[in-house]
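First comes the structure, then the notes that go with it.
The values are calculated or read from the model by the stated rules, or taken from the named source; none is laboratory data. Keep in mind it's a predicted model, so treat the numbers as computed, not measured. Here the Cβ is made from the backbone with ideal geometry for all residues, glycine too, and neighbour counts use every protein chain on show.
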Amino acid sequence: MTTTQLLPEDYEALASFRYAMRKFLNFSKRALAAEAELTPEQYEALLALKAYSDPSGLTVTELSERLQVRHHSAVSLVDKLEKLEFVHRTHGVADRRHVYVSLTASGSRVLSKVAVLHRREMRVRSPEMIKALLRLRK
């Protein structure tokens, strides 16, 4: 079999993985709205800031890369999170053109609350996802 040919079981594995992901993302969207009034994009931004920030935070450019969105979309997202008081911005010391984004204490609290729910759901859903991924490795 060449790399361009897929067998029926490949399609089934791809579909199974996408189905499992959709179930998780549906859970996530509902949980974020109910528990924290956050959008999935806002949660992903908070998560990226927690996971990848150094003490000064992430630049907006780094955040846009982590979220795989355009720079102006990241700026808009940061604007909304700043209004919620979940993040704050500071200008770079060496280069004032760089804008760093950091979690606030309030942002850390809300992130912790919903991240626990996501980890629990991933523990439930991951066997199904891993099974589909393993089938694709064959």
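Of the residues making up the stretch 97-111, those that are touching a strand residue (DSSP E or B) at 6+ places or on another chain (Cβ under 7 Å) and within 16 Å of D54 (Cβ to Cβ) are H98, V99, Y100, V101, S102, L103. For V101, are the conditions met, namely being farther than 26 Å from P127 by Cα, buried (at least 19 other Cβ atoms within 10 Å of the Cβ), aliphatic (A, V, I, L, M) and modelled with pLDDT of 95 or more? Answer is yes for this residue. Looking only at the stretch 1-34, residues that are of a type in the set (G, A, S) and without any contact (Cβ under 8 Å) to a residue 40 or more places away in the chain come to 3 in all.
Only one of these is in contact (Cβ under 8 Å) with a residue 12 or more places away in the chain, acidic (D, E) and either more than 27 Å from A31 (Cα to Cα) or in a loop (DSSP other than H, G, I, E, B) (or both): E85, E44. Name it.
From the options E85, E44, the qualifying one is E85.
Only one of the listed residues (A74, A115) is at pLDDT 95 or above, in contact with a Leu (Cβ under 6 Å, 6 or more places away or on another chain), surrounded by 13 or more Cβ atoms within 10 Å (Cβ to Cβ) and part of a helix (DSSP H, G or I). That residue is A74. The selection criterion, being acidic (D, E) and on the phi < 0 side of the Ramachandran plot, does not hold for E37.
Scanning the stretch 5-19 finds no residues that are part of a loop (DSSP other than H, G, I, E, B) and charged (D, E, K, R).
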